[in-house]
């Protein structure tokens, strides 16, 4: 816990990393989280302490449904579209995570004649596959959100 | 002789079933028919003769003819003719064939008659309570003459709840209203939602009934009613005021002086101006574009001021009496009104240009809430909703009243049938309204503004009047009566018909488009809800129960 | 100016809290005042001079409201959601370099840190919406999640483009690289990547969507979903969500400033300092407010289409192009 660099330290770079120092810099971050949560909780608690203590009749506690008595369970069925969005997101997000370390080292390694070609082509291939997958999703209709409108029916 | 021609057509087809016909003028036709042919006559008129359905009226005629009366009103817009098909229903067995099968637009009107007058419609597609409040006992019909205007049925049951339909399988009920941020007035849509798609809905409205028709028929007098009629709607009150006065005038064959007619036209158009500007603002608010909402309200404001200068009020002008108007436009006001109009036009033009070019608003409104020509015919949709679908109807031109036959104006139509087309139609109608007012100011001659009516109005005459409100045709039906008040007065606000088109508009659309689809008809629930008092709860310092409020109201009246 | 590190950190954090609170409160004021001006009306004028005490009045109002946790709601998730939405916003500010020395924690992977904590926001709104057991809240929550995840991808992709140029994820280093005249800012470094302005625009759009700001405010599309995911939250529960929205705007604009606009660097090469950072950041914040009052709300599905069918392909293409350009130079 001795190393708390105030400012940017040019000597430190991704190549020469002291693992324990690297981790120790997150200890204050943990502290930070606690304080940040305490701040938000403080606001809520202040409200609990200072707020009105009104009556709580049963009507007040019903979920808001435009003034009508709630019908059915609020946890309703959702279109499968939302699930597809979630799945697609996870796929793309993971691929993007792979790209991050590559992007950081890309320029130096590109300059290096030994690794230059590899880092260039391998990631381009990766991106190519990603793109093919993306086109496949699109063609399969996974990206068509708006459901088709049926022909209007006469009113009941 | 259009009316005569139409009557002859009906006579050829139905012969002796046509009992009697009145042709008070060439643009009005009253046909009395046998109850057994009512469905056939309506089918023939609605289908073969291509009439537009307006409204059905139920009346308790027992004190006079010993029977109930039902009238189905139709319009022949190109021929400038309003027709009323009247049927007498026996008092001991009040049953009549429903026309809702052949004229789907009559759905609500027949249900309302069933609630209020107690005539059963046989073969109705959806005979469910429409107007009466949840706790109202069955078999009590407030519009019958033997039911006092201030009576509360003894077995009114506060605990009773309205039975809503079961939602279709797989659908969740998402309520919309009565207390919702985008609804300015209470109405309840029970949306059946499958995921994000609206698959259907049930409507329960009429929550702010004020018993206006009953009150007029039992307590008020001819010249009280215009002030009451105006309070039917907070936006287009003047429309009801004029429509009522004209209906009575048409029944009693009174012709108001020309200057009064010009003044009526001016005020009606002023009302259209502020109503359309208000609507554009609200529509923008609904699609989340508050900047234009604020702008159109700012542009609208001078109109309210000039209305106040002319009539004494920003709204509810208290304009008409039978046979004239109550306020005049002085030369100074005329100059000022012209200046206001010039400013309005100069400010509105760039706004319209900007809106019509805006891709975002188009994306949000094109193909949304579609009601095509067939839907307009089926549900009896009117006003900007119909004109946006290419249905070229406008009461100002088709059934001219006041001085609309003496001014030039265009009827704006569009062919999209969607929300966007309604925006376009309303935005452009503003300019036409400005032009109409200018012409009126030019042509107005000095003269009396009120007819001196010394005699009592004739009794038992029928009057019809259609006035083009900002939202569409506002139709009033009057039977003149004793004690200086009408025997029956039926108001059909434009929203009454347009609301019936909403379920088809929102079906199979996304939930997100529900609000703008509903908003695009410019709904005015209080207009639609005219009868009976019920359902009020407010909490200032105390939560009033329904009974307490009703007690309070009655104590004040007594 | 050498304090022991823990004390410095604590001081910094307290400062950060004040910064967030003041920003959240006064951005609301600025937004209302700005909206008023855009709409040719004065905005708040009643409470204090030019309505400056309005946020205080609002705060007092919110805090004095009754706290209601609906019995039908999930008691834990419902209470935790506001905390989870507020805390990450503050956490991310801790790694943003306000100036060369004014930074909470100068960590190596600052950028990843920001994104990691930024993503919690989505979860928190989902949590709040789901726990409320309210139909509007749940529909809104589902929309927020699909919207936020959709815009997360192009945002991450364009940042990769930037990373390839900078070669570091340390925010401080990224700013250092942009020293000098303003054409050294990443936004204008067309020599290494002529697509930088496109990258910036995509980043900005995504940021708007991530913070659920109009025209992408599906979370609280009030005309249809009442108050969206926050419908059941009363008083300060709602207040915290509201503050977090503005805190997130500050975070987003700060990040954009650091990544594209040279952070605290002066545009003229001399006189760099925290003032420049704040100037640039607030200029972006103003743009965010400006956009909100200029465009109508988009439709939910066209919103998803914009991300999946336009922004993602464009950002992929910029990525590949940058890759090739770097190879050629």
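Looking only at residues in region B:173-192 that are more than 9 Å from chain A (Cβ to nearest Cβ) and touching a helix residue (DSSP H, G or I) at 6+ places or on another chain (Cβ under 6 Å), the one that is farthest from residue B:293 (Cα to Cα) is B:187.
Hey, can you tell me all the residues within region B:283-321 that are assigned to a loop (DSSP other than H, G, I, E, B), touching a residue at least 24 places away in the same chain (Cβ under 8 Å) and buried (at least 22 other Cβ atoms within 10 Å of the Cβ)?
Step one: of region B:283-321, the residues assigned to a loop (DSSP other than H, G, I, E, B) are B:287-289, B:312-319.
So of that shortlist, the ones also touching a residue at least 24 places away in the same chain (Cβ under 8 Å) come out as B:287, B:289, B:315-319.
If the condition is that a residue be assigned to a loop (DSSP other than H, G, I, E, B), touching a residue at least 24 places away in the same chain (Cβ under 8 Å) and buried (at least 22 other Cβ atoms within 10 Å of the Cβ), then B:287, B:289, B:317, B:319 are the ones that fit.
In region A:97-111, the qualifying residues are those that are touching a helix residue (DSSP H, G or I) at 6+ places or on another chain (Cβ under 8 Å) and more than 7 Å from chain C (Cβ to nearest Cβ), and the one that is nearest to residue C:312 (Cα to Cα) is A:98. Only one of (1) assigned to a helix (DSSP H, G or I); (2) facing chain C (nearest Cβ under 7 Å) is not met by residue A:143, so which one is it? With (1) assigned to a helix (DSSP H, G or I); (2) facing chain C (nearest Cβ under 7 Å) applied to residue A:143, the lone miss is (1). From the list C:159, C:144, the lone residue that is surrounded by 20 or more Cβ atoms within 10 Å (Cβ to Cβ) and farther than 27 Å from residue C:102 by Cα is C:144.
For region C:280-305, filtered to residues that are within 14 Å of chain B (Cβ to nearest Cβ) and without any contact (Cβ under 8 Å) to a residue 12 or more places away in the chain, the residue that is surrounded by the fewest Cβ atoms within 10 Å (Cβ to Cβ) is C:302.
Each residue in region C:257-279 was checked for being crowded, with 22+ Cβ neighbours inside 10 Å and free of Cβ contacts under 8 Å to residues at least 60 places away in the same chain, and 1 pass.
Determine whether region A:88-108 contains at least one residue that is in a loop (DSSP other than H, G, I, E, B), at pLDDT below 85 and on the phi < 0 side of the Ramachandran plot. There is no residue in region A:88-108 that is in a loop (DSSP other than H, G, I, E, B), at pLDDT below 85 and on the phi < 0 side of the Ramachandran plot.
Apart from one condition, residue B:41 fits all of (1) under 23 Å from the mean Cα position of the chain (by Cα); (2) crowded, with 21+ Cβ neighbours inside 10 Å; (3) not in a strand (DSSP E or B); the exception is (1). Selection of helices (runs of 4 or more DSSP H) fully inside region C:1-103 by the criterion of at least 2 residues being under 16 Å from the mean Cα position of the chain (by Cα) returns C:5-38, C:75-93. Restricting B:493, B:427 to residues that are touching a residue at least 60 places away in the same chain (Cβ under 8 Å), within 23 Å of residue B:340 (Cβ to Cβ), assigned by TED's automatic domain parsing to the domain that holds residue B:334 and surrounded by 19 or more Cβ atoms within 10 Å (Cβ to Cβ) narrows the list to B:427.
When we screen A:129, A:69, A:119, A:94 for residues that are more than 7 Å from chain C (Cβ to nearest Cβ) and surrounded by 12 or more Cβ atoms within 10 Å (Cβ to Cβ), the only hit is A:119. In the set C:93, C:62, C:84, only one residue is at the interface with another protein chain (Cβ under 10 Å from one of its Cβ atoms), under 20 Å from residue A:39 (Cβ atoms) and free of Cβ contacts under 8 Å to residues at least 60 places away in the same chain; that residue is C:84. Within the option set B:205, B:139, B:195, being at pLDDT below 85 and more than 10 Å from every other protein chain (Cβ to nearest Cβ) holds for one residue only, B:205.
For region B:157-172, check the following and say yes or no: at least one residue is surrounded by 14 or more Cβ atoms within 10 Å (Cβ to Cβ), in contact with a helix residue (DSSP H, G or I) (Cβ under 9 Å, 6 or more places away or on another chain), more than 14 Å from chain A (Cβ to nearest Cβ) and not in a loop (DSSP other than H, G, I, E, B). No; the residues of region B:157-172 include none that is surrounded by 14 or more Cβ atoms within 10 Å (Cβ to Cβ), in contact with a helix residue (DSSP H, G or I) (Cβ under 9 Å, 6 or more places away or on another chain), more than 14 Å from chain A (Cβ to nearest Cβ) and not in a loop (DSSP other than H, G, I, E, B).
Can you name every residue in region B:5-33 that is in contact with a strand residue (DSSP E or B) (Cβ under 7 Å, 6 or more places away or on another chain) and either touching a residue at least 40 places away in the same chain (Cβ under 8 Å) or not assigned by TED's automatic domain parsing to the domain that holds residue B:70 (or both)? Once the filter is applied, which keeps residues that are in contact with a strand residue (DSSP E or B) (Cβ under 7 Å, 6 or more places away or on another chain) and either touching a residue at least 40 places away in the same chain (Cβ under 8 Å) or not assigned by TED's automatic domain parsing to the domain that holds residue B:70 (or both), region B:5-33 yields B:6, B:22, B:27, B:28, B:29, B:30, B:31, B:32, B:33. Looking across C:128, C:104, one residue alone is more than 8 Å from chain A (Cβ to nearest Cβ), in contact with a helix residue (DSSP H, G or I) (Cβ under 6 Å, 6 or more places away or on another chain) and touching a residue at least 40 places away in the same chain (Cβ under 8 Å). It is C:128.
Quick check on this structure: which one of B:457, B:499 is modelled with pLDDT under 90, more than 20 Å from the chain's Cα centre (by Cα), surrounded by 18 or more Cβ atoms within 10 Å (Cβ to Cβ) and in the same structural domain as residue B:329 (by TED's automatic domain parsing)? So the residue among B:457, B:499 that is modelled with pLDDT under 90, more than 20 Å from the chain's Cα centre (by Cα), surrounded by 18 or more Cβ atoms within 10 Å (Cβ to Cβ) and in the same structural domain as residue B:329 (by TED's automatic domain parsing) is B:457.
If the condition is being within 14 Å of chain A (Cβ to nearest Cβ), out of contact with any strand residue (DSSP E or B) (no Cβ under 6 Å at 6 or more places or on another chain) and in a loop (DSSP other than H, G, I, E, B), then region B:95-127 contributes B:100, B:101, B:102, B:124, B:125, B:126, B:127. Applying the set (1) at pLDDT below 90; (2) over 23 Å from the mean Cα position of the chain (by Cα) to residue B:407 leaves exactly one unmet item: (1). Residues that are within 25 Å of the chain's Cα centre (by Cα), crowded, with 18+ Cβ neighbours inside 10 Å and either in the same structural domain as residue B:346 (by TED's automatic domain parsing) or at pLDDT 90 or above (or both): does region B:445-453 have at least one? Within region B:445-453, none of the residues are within 25 Å of the chain's Cα centre (by Cα), crowded, with 18+ Cβ neighbours inside 10 Å and either in the same structural domain as residue B:346 (by TED's automatic domain parsing) or at pLDDT 90 or above (or both). Residues in region A:33-66 that are outside any helix (DSSP H, G or I) and surrounded by 18 or more Cβ atoms within 10 Å (Cβ to Cβ): A:51, A:63, A:64, A:65, A:66.
The values are calculated or read from the model by the stated rules, or taken from the named source; none is laboratory data. On a predicted model such as this, the values are computed, not experimentally measured, just so you know. Virtual Cβ from ideal backbone geometry, glycine too; neighbours counted across all protein chains shown.
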